[in-house]
Amino acid sequence: MNSRTIYLEVKDYVNITLGLLLYTFAFTVFILPYEIVTGGITGIGAIVFYATKFPVQYTFFIINAALILGTLKILGWRFLTKTIYATFMLTLMLEVAQELVLLPDGSFYKLLGDGNDFMSLVVGCILTGTSLAIVFLNNGSTGGTDIIAAVVNKYHNISLGRVLIFVDFCIIGSSLFIDSFGEIYIRCRKVAFGLCTIFIECTMLDYVMSLQRQSVQFMIFSKKYQEIAYAITKTTDHTLTILDGHGWYSGKETKVLCLLARKRESVHIFRLIKSIDPDAFVSQSSVIGVYGEGFDPIKIKIKNIENNKEK
């Protein structure tokens with residue numbers, strides 16, 4: 001294992017830990033005190049807690065342990081090692097955080113005050129959705145339904161948010177059967193609030209994930225195209241294509257560099273171009289998706305054409 005690999009692994013674990021801290025803060029400050037029903041394994045833990053007072057973190061740990069053992073062969077040790085780390089860390093963080101927000105009378109401190117359940121829901125789910133995206137972008141998982149989503153996303157081109165919506169819908173619907181919530185209309189309100197948590201959290205998750213994975217296409221027109229091409233391939237992990245062009249006005253032959261890169265790399269690429277040829281003509285456009293080596297994998301199954309012909 002070289003130094004770069006070690007650096008990337010350490011970076012992943014640091015970012016995963018920061019994501020877990022953000023999730024713990026959002027859940028214990030904005031979700032749990034207002035008895036908001038959410039999805040995920042923490043949502044199951046919360047429902048169990050509302051009904052029986054059994055600690056959220058213990059339910060979370062038990063279910064995650066079972067899921068991790070069941071998906072070990074599918075996701076592999078590298079992914080699940082970070083999931084195991086996240087499971088232990090989130091269990092510990094939830095336990096410590098609940099002690100910090102617990103009042104002497106046994107209730108939780110409500111940061112936004114009484115009667116602000118929906119506002120607390122909005123703030124909490126924006127933060128939890130962002131935190132889940134941080135964890136996923138660093139090759140980790142908070143476990144639970146995230147593991148299920150990761151398994152589906154591994155083989156099918158279905159966004160993580162959509163998978164989580166389906167699973168979370170079932171979890172939130174179960175709150176209708178929790179007698180401790182009171183009358184049926186109160187339980188229906190809890191379900192309605194829960195559906196809002198699905199929408200906000202999953203929308204935020206997909207937004208942050210898409211923002212980080214967004215790709216752009218560069219078309220670079222320059223007489224110093226060789227120097228620019230060398231600088232880009234040397235300082236990034238990308239290669240590029242040289243196209244033949246013909247200037248309509250000048251009538252001269254020209255070379256055009258075509259490059260696909262992540263949007264976050266745009267500033268670096270523009271800086272390279274400007275340092276070599278300030279007069280270069282550059283076109284940048286957003287692309288819906290880029291698939292292949294260095295970008296997202298193609299997750300569409302190939303049908304067996306020969307078998308179809310025989311049938």
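The values are calculated or read from the model by the stated rules, or taken from the named source; none is laboratory data. Note that the structure is a prediction, hence the values are computed from the model and not measured. Glycine gets a Cβ as well: all are built from the backbone with ideal geometry, and neighbour counts include every protein chain shown. Ligands, DNA and RNA are stripped out before the accessible areas are found, and what is left, the full protein with its side chains, is counted by its heavy atoms. Shrake-Rupley method; radii C 1.70, N 1.55, O 1.52, S 1.80 Å.
Before moving on, here are some points about what is shown:
- For S250: the one exception among (1) under 25 Å from R4 (Cα atoms); (2) open to solvent by less than 90 Å² (accessible area, probe 1.4 Å); (3) modelled with pLDDT under 90: (1)
- From the list C196, C258, the lone residue that is open to solvent by 40 Å² or more (accessible area, probe 1.4 Å) and either over 30 Å from M119 (Cβ atoms) or not polar (S, T, N, Q) (or both) is C196.
- Qualifying positions in the range 19-42 - open to solvent by less than 40 Å² (accessible area, probe 1.4 Å), under 18 Å from the mean Cα position of the chain (by Cα) and closer than 17 Å to F108 by Cβ: Y23, T24, A26, F27, T38, T42
- The range 204-237, residues that are open to solvent by less than 70 Å² (accessible area, probe 1.4 Å), closer than 30 Å to I126 by Cα and either in contact with a Gly (Cβ under 9 Å, 6 or more places away or on another chain) or among the hydrophobic types (A, V, I, L, M, F, W, C) (or both): M204, L205, D206, V208, M209, S215, V216
- Against the list (1) among the aromatic types (F, W, Y); (2) over 24 Å from K263 (Cβ atoms); (3) touching a residue at least 40 places away in the same chain (Cβ under 8 Å), the condition F199 fails is (3).
- Qualifying residue in the range 94-104 (condition: of a type in the set (A, V, I, L, M), out of contact with any His (no Cβ under 6 Å at 6 or more places or on another chain) and not in a helix (DSSP H, G or I)): yes
- Filtered by the rule that a residue be closer than 21 Å to R213 by Cβ and crowded, with 17+ Cβ neighbours inside 10 Å, the range 261-278 gives A261, R262, E265, I269.
- Picking from residues in the range 279-291 that are in a loop (DSSP other than H, G, I, E, B) and not charged (D, E, K, R), the one that is most open to solvent (accessible area, probe 1.4 Å) is I288.
- Hits in the range 107-141 - residues which are assigned to a loop (DSSP other than H, G, I, E, B) and open to solvent by 10 Å² or more (accessible area, probe 1.4 Å): S107, Y109, K110, L111, L112, G113, D114, G115, N116, N138, N139
- Residues of the range 250-278 that turn out to be touching a Lys or Arg at 6+ places or on another chain (Cβ under 9 Å) and without any contact (Cβ under 8 Å) to a residue 40 or more places away in the chain, as a count: 2
- Residue that is in contact with a helix residue (DSSP H, G or I) (Cβ under 9 Å, 6 or more places away or on another chain), farther than 28 Å from D179 by Cα and surrounded by fewer than 20 Cβ atoms within 10 Å (Cβ to Cβ), where the choices are I68, I6, I16: I68
- Pair list, Cβ < 7 Å and 6+ apart or interchain, from the range 117-128 residues that are over 10 Å from I31 (Cα atoms) to residues that are open to solvent by 40 Å² or more (accessible area, probe 1.4 Å) and not in a helix (DSSP H, G or I): M119/L112
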